[in-house]
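The values are calculated or read from the model by the stated rules, or taken from the named source; none is laboratory data. No experiment lies behind these values; they were computed from the predicted model shown. Ideal geometry is used to build each Cβ from the backbone, glycine not excepted, and the neighbour counts take in all protein chains shown. Quick note on the areas: whole protein, heavy atoms, side chains included, nothing else; ligands and nucleic acids left out. Shrake-Rupley method; radii C 1.70, N 1.55, O 1.52, S 1.80 Å.
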Amino acid sequence: MKAIGYKQSLPITHPESLIDVTLDQPIATGHDLLIKVNAIAVNPADYKVRLTMPPANGDVKVIGWDAVGEVIATGDKVSQFKPGDHVYYAGDITRSGSNAQFQLVDERLAGFKPKSLSNAEAAALPLTAITAWELLFEHLGIKQQSPGTATQSNEVILVVGAAGGVGSIFVQLAKTITGATVIGTASRESSSEWVKKLGADYVVDHTQPLTAQIEALNIGPVTHVASLNSTDTYFESYTEVLAPFGKIAMIDDPVALDVTKLKLKSLSLHWEFMFARSMFNAVDMQAQSDLLNRVADLVDQGYLKTTLGQHMGEINAANLRAAHSELEAGRAIGKIVLEGF
């Protein structure tokens with residue numbers, strides 16, 4: 001099968017940072033689905049792994065954790081899917097990734113592809129939808145409501161980095177199935193407009209002091225923060241704008257935080273990593289399949305839309321290098337997707 005991988009960690013400008021290779025097609029056993037990959041999305045996790053996790057002994061490492069495809073074969077323990085089903089998933093960071101024509105994925109990490117979306121549109125959703133869902137409901141503890149009938153609550157969520165991949169689906173979920181007021185941050189006119197279209201109630205500029213901008217909204221204190229990038233830069237501002245017993249949930253990797261600043265308001269800090277369930281074979285791995293099916297239903301009912309921002313063509317090394325470069329530069333709005341081999 002065709003695949004794209006790397007043999008050593010190199011800058012994305014190097015022609016061998018990602019290379020086209022031919023590998024053996026894997027075989028499904030146990031809970032695994034063998035997926036024929038139709039479309040993929042690229043995430044910051046891709047370039048972070050590429051830069052920090054070189055393969056051993058000159059092997060080729062295949063990465064990628066967002067895909068849509070067709071089930072070709074199933075292991076003997078599979079009960080939820082059958083050949084011919086179309087699925088979407090983010091997979092397992094400890095296994096070979098989706099930058100390949102065929103991939104093995106545990107059925108408990110996959111959901112049925114939204115019927116109303118194209119392959120490219122659906123590929124934009126899995127990793128960020130799982131991350132946003134776990135942030136909202138498992139870490140921040142926001143209460144779910146029925147879509148279309150949500151009543152206004154006293155919860156105010158600040159979403160820092162709202163125009164990115166996770167932010168783009170987080171804002172939609174928060175406005176669709178919670179009663180929270182959502183403040184998104186963006187710094188460019190294009191990203192600000194994107195966040196408004198996704199449903200944010202307010203948009204503030206994260207290149208300017210946050211506290212004064214939020215106080216000027218006159219909507220009361222923030223109760224929850226979804227910190228999607230640069231947590232160390234904004235951490236002190238979070239402690240200023242949050243109400244007592246407020247919650248901060250982050251997904252990035254700050255070098256150091258002074259957590260003593262949380263004490264006076266009895267604030268709590270949470271760290272979301274959507275691969276935790278699959279890495280440790282958690283007893284509730286099925287939760288990711290369930291939430292992906294729930295997200296697909298919300299999409300097909302018209303409550304959520306794809307977060308596809310840019311389609312960068314076929315799945316090959318040259319296009320993937322361009323996609324990694326775009327992400328590393330911090331220029332992406334929404335998700336970058338590639339399709340077909």
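Mind listing just one residue for me: the one in segment 36-49 that is more than 29 Å from THR74 (Cα to Cα) and of a type outside the set (Ser, Thr, Tyr) and, of those, least open to solvent (accessible area, probe 1.4 Å)? Checked segment 36-49; the qualifying residue least open to solvent (accessible area, probe 1.4 Å) is PRO44.
Within segment 83-92, identify whether any single residue is among the small types (Gly, Ala, Ser), more than 27 Å from LEU308 (Cα to Cα), buried (at least 19 other Cβ atoms within 10 Å of the Cβ) and in contact with a Ser or Thr (Cβ under 7 Å, 6 or more places away or on another chain), and answer yes or no. There is no residue in segment 83-92 that is among the small types (Gly, Ala, Ser), more than 27 Å from LEU308 (Cα to Cα), buried (at least 19 other Cβ atoms within 10 Å of the Cβ) and in contact with a Ser or Thr (Cβ under 7 Å, 6 or more places away or on another chain).
Screening ALA256 on (1) open to solvent by less than 60 Å² (accessible area, probe 1.4 Å); (2) over 21 Å from TRP133 (Cα atoms); (3) of a type in the set (Gly, Ala, Ser) shows it passes everything except condition (1). Of all the criteria given as (1) in contact (Cβ under 8 Å) with a residue 40 or more places away in the chain; (2) in contact with a Ser or Thr (Cβ under 8 Å, 6 or more places away or on another chain), the one not satisfied by LYS77 is (2). Of the residues ALA129, ALA163, ALA122, the single one that is within 29 Å of SER98 (Cβ to Cβ), in contact with a Lys or Arg (Cβ under 6 Å, 6 or more places away or on another chain) and of a type in the set (A, V, I, L, M) is ALA122.
Residue pairs whose Cβ atoms lie under 6 Å apart, separated by 6 or more positions or on different chains, with the first residue in segment 25-46 and under 19 Å from PHE112 (Cα atoms) and the second in a helix (DSSP H, G or I), are HIS31/GLU107; LEU33/GLU107; ASN38/ASN119; ALA39/ASN119; ALA39/ALA120; ALA39/ALA123; ILE40/ALA123; ALA41/ALA123.
Let's see how each residue does on (1) under 27 Å from GLY313 (Cβ atoms); (2) acidic (Asp, Glu); (3) touching a strand residue (DSSP E or B) at 6+ places or on another chain (Cβ under 8 Å); (4) assigned to a helix (DSSP H, G or I):
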| position | (1), (2), (3), (4) |
| --- | --- |
| ILE93 | yes, no, no, no |
| GLY97 | yes, no, yes, no |
| LYS115 | yes, no, no, no |
| TRP133 | no, no, no, yes |
| THR151 | no, no, no, no |
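Can you confirm whether segment 250-263 contains a residue that is more than 26 Å from ALA329 (Cβ to Cβ) and not in a helix (DSSP H, G or I)? Yes, because at least one residue in segment 250-263 is more than 26 Å from ALA329 (Cβ to Cβ) and not in a helix (DSSP H, G or I).
Name every residue in segment 308-339 that is at negative phi, among the small types (Gly, Ala, Ser) and open to solvent by 10 Å² or more (accessible area, probe 1.4 Å), in order of residue number. Talk me through it step by step, then tell me what you get.
Of segment 308-339, the ones at negative phi are 308-312, 314-329, 331-333, 335-339.
Cutting the leftovers down to among the small types (Gly, Ala, Ser) gives us 309, 317-318, 322-323, 325, 329, 332.
Of everything in segment 308-339, those that are at negative phi, among the small types (Gly, Ala, Ser) and open to solvent by 10 Å² or more (accessible area, probe 1.4 Å) turn out to be GLY309, ALA318, ALA322, SER325, ALA329, ALA332.
Where residues in segment 284-302 are assigned to a helix (DSSP H, G or I) and touching a Ser or Thr at 6+ places or on another chain (Cβ under 8 Å), which of them is most open to solvent (accessible area, probe 1.4 Å)?
Pass one, segment 284-302, residues assigned to a helix (DSSP H, G or I): 286-300.
Checking the rest, the ones that are also touching a Ser or Thr at 6+ places or on another chain (Cβ under 8 Å) come to 288, 298-300.
Numbers: GLN288: 2, LEU298: 0, VAL299: 8, ASP300: 65 Å².
Result: ASP300.
Looking across segment 194-222, just one residue is of a type in the set (Ser, Thr, Tyr) and farther than 26 Å from PRO244 by Cβ, and that is THR207. Screening segment 259-280 for residues that are open to solvent by 20 Å² or more (accessible area, probe 1.4 Å) and polar (S, T, N, Q) and picking the one that is nearest to the chain's Cα centre (by Cα) gives SER268.
When residues in segment 15-35 are screened for being open to solvent by 60 Å² or more (accessible area, probe 1.4 Å) and assigned to a strand (DSSP E or B), 2 of them pass.
Within the group LYS305, LYS247, which residue is surrounded by 15 or more Cβ atoms within 10 Å (Cβ to Cβ), touching a helix residue (DSSP H, G or I) at 6+ places or on another chain (Cβ under 8 Å) and in a loop (DSSP other than H, G, I, E, B)?
Numbers: LYS247 fails: in a loop (DSSP other than H, G, I, E, B).
So the residue among LYS305, LYS247 that is surrounded by 15 or more Cβ atoms within 10 Å (Cβ to Cβ), touching a helix residue (DSSP H, G or I) at 6+ places or on another chain (Cβ under 8 Å) and in a loop (DSSP other than H, G, I, E, B) is LYS305.
Identify, from the list ILE336, ILE315, the residue that is in contact with a strand residue (DSSP E or B) (Cβ under 7 Å, 6 or more places away or on another chain) and closer than 23 Å to THR185 by Cα. So the residue among ILE336, ILE315 that is in contact with a strand residue (DSSP E or B) (Cβ under 7 Å, 6 or more places away or on another chain) and closer than 23 Å to THR185 by Cα is ILE336.
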